[in-house]
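Input: a single structure, listed below in structure tokens.
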Amino acid sequence: MTRQTRPGVEELADRLDEAAAKAAPIPRLAAAAGVGPAAAYAVQEALVERRLARGERLVGLKMGLTSRAKMAQVGVDEVIWGRLTDGMRVDDGGLVDLGRYIHPRVEPEVAFLMSRSPEPGEPVGDLASAVRAVAPAIELIDSRYDGFSFSLPDVIADNTSAAGFVVGPWRPVPDGLDNLGVLLEVGGRVVQTGSTAAILGDPRRALDAAVRLAGRRGVRLREGWVVLAGAATAAVPLRAGDHVRAVVERLGTASLRAAS
Ligand code: OOG
Ligand code: MG
């Protein structure tokens with residue numbers, strides 16, 4: 001009797017990379033491959049390595065599932081992180097080509113700009129001194145799995161659905177970041193409302209989690225990197241012709257348009 005060999009890290013990364021490149025969804029893969037969260041981060045690394053090999057650069061990290069609204073929407077309740085590259089960056093107010101994505105969604109976020117590389121285990125209070133600026137942001141997520149449905153290891157392997165991000169104007173970090181109103185508008189209509197308090201009680205905790213969780217995999221935040229704290233509200237589908245704005249009280253707005 002021959003035993004079927006399970007696909008390894010590199011093969012799983014290839015499948016996810018191809019799904020993104022072709023904008024064609026694939027079935028969930030972690031359970032059949034016997035991949036748990038730790039191995040899933042190895043797949044994520046190999047997946048992003050393919051982008052880097054094509055000339056993209058790492059420009060930061062994104063935190064995911066840092067709010068109840070997001071956990072409930074996708075049915076996974078653990079904080080996760082992924083990698084951001086320059087190839088995912090969309091200019092503020094920029095145009096997005098929907099043909100490049102499978103079933104894109106947008107969500108309002110808060111972005112941090114690092115002024116230095118924090119020490120692993122540095123307390124949150126000290127982390128404030130590692131941040132140069134803060135900005136409203138929009139994350140464009142696009143699960144590579146059928147039906148935007150996944151387990152915890154699946155979404156980790158898929159670089160936590162990272163597909164694109166817009167950062168609005170940077171500004172110095174205001175005194176309180178923990179209770180700012182957040183709106184997501186599509187075509188001038190408010191489609192989601194929330195508060196930065198939804199992000200682990202304070203978006204700065206997401207930064208703390210980024211340092212800790214990425215540090216476990218040997219990844220240290222660097223000066224000039226962007227960290228997305230995770231969406232404060234559920235994500236909404238991005239459709240042709242949509243004009244999307246994320247508005248964060250005291251921070252301002254970030255926007256994008258989907259080509260029609
Ligand atoms: C996973 C990524 C979650 C966030 O901000 O919570 C995320 C997903 O929803 O597909 O980016
Ligand atoms: Mg997000």
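Some points to look at:
- Of V90, V134, all but one fail to be crowded, with 22+ Cβ neighbours inside 10 Å and in contact (Cβ under 8 Å) with a residue 60 or more places away in the chain; the exception is V134.
- For region 64-85, the candidate set comprises residues that are more than 9 Å from ligand 1 (Cβ to nearest atom) and touching an Asp or Glu at 6+ places or on another chain (Cβ under 9 Å); within that set, the residue that is most open to solvent (accessible area, probe 1.4 Å) is R68.
- The set of residues in region 67-87 that are more than 19 Å from S151 (Cα to Cα) and either of a type outside the set (A, V, I, L, M) or without any contact (Cβ under 8 Å) to a residue 60 or more places away in the chain (or both) comprises T85, D86, G87.
- Test: R50 is more than 17 Å from P153 (Cβ to Cβ) and either within 15 Å of ligand 1 (Cβ to nearest atom) or open to solvent by 10 Å² or more (accessible area, probe 1.4 Å) (or both): yes
- Subset tally (residues that are closer than 15 Å to A133 by Cα and among the charged types (D, E, K, R)) for region 204-243: 3
- Residue among V191, V248 that is over 23 Å from Q44 (Cα atoms) and crowded, with 24+ Cβ neighbours inside 10 Å: V248
- Residues in region 77-124 that are among the acidic types (D, E) and either within 17 Å of S260 (Cα to Cα) or part of a strand (DSSP E or B) (or both): 3 in all.
- Test for V186: is it under 16 Å from the mean Cα position of the chain (by Cα) and in contact (Cβ under 8 Å) with a residue 40 or more places away in the chain: no
- Within region 208-227, tally of residues that are small (G, A, S) and open to solvent by 20 Å² or more (accessible area, probe 1.4 Å): 3
- Complete set of residues in region 217-243 that are over 17 Å from M88 (Cα atoms), assigned to a strand (DSSP E or B) and among the hydrophobic types (A, V, I, L, M, F, W, C): V236
- Lone qualifier among A24, A19, A42, A32 - being part of a loop (DSSP other than H, G, I, E, B), out of contact with any Ser or Thr (no Cβ under 7 Å at 6 or more places or on another chain) and among the aliphatic types (A, V, I, L, M): A24
- Every residue from region 125-141 that is part of a strand (DSSP E or B) and over 17 Å from L200 (Cβ atoms): R132, A133, A135, P136, I138, L140, I141
Residues checked against (1) assigned to a loop (DSSP other than H, G, I, E, B); (2) in contact with a Pro (Cβ under 6 Å, 6 or more places away or on another chain); (3) buried (at least 18 other Cβ atoms within 10 Å of the Cβ); (4) not charged (D, E, K, R):
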residue: T160; (1), (2), (3), (4): no, no, yes, yes
residue: V166; (1), (2), (3), (4): no, no, yes, yes
residue: P174; (1), (2), (3), (4): yes, no, no, yes
residue: D178; (1), (2), (3), (4): yes, no, no, no
residue: V182; (1), (2), (3), (4): no, yes, yes, yes
residue: G201; (1), (2), (3), (4): yes, no, no, yes
residue: A206; (1), (2), (3), (4): no, no, yes, yes
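- Where A38 falls short, out of the listed (1) within 25 Å of T233 (Cα to Cα); (2) surrounded by fewer than 13 Cβ atoms within 10 Å (Cβ to Cβ): (1)
- Condition met for L113 (closer than 26 Å to R171 by Cβ, away from ligand 1 (no atom under 16 Å from the Cβ), at pLDDT 95 or above and open to solvent by 20 Å² or more (accessible area, probe 1.4 Å)): yes
The values are calculated or read from the model by the stated rules, or taken from the named source; none is laboratory data. Please read all numbers here as calculations on a predicted model, not as lab measurements. Note that we place each Cβ from the backbone using ideal geometry, even for glycine, and neighbour counts take in every protein chain shown. When the accessible area is computed, the model is the full protein with side chains, heavy atoms only, and any ligands, DNA or RNA have been set aside. Shrake-Rupley method; radii C 1.70, N 1.55, O 1.52, S 1.80 Å.
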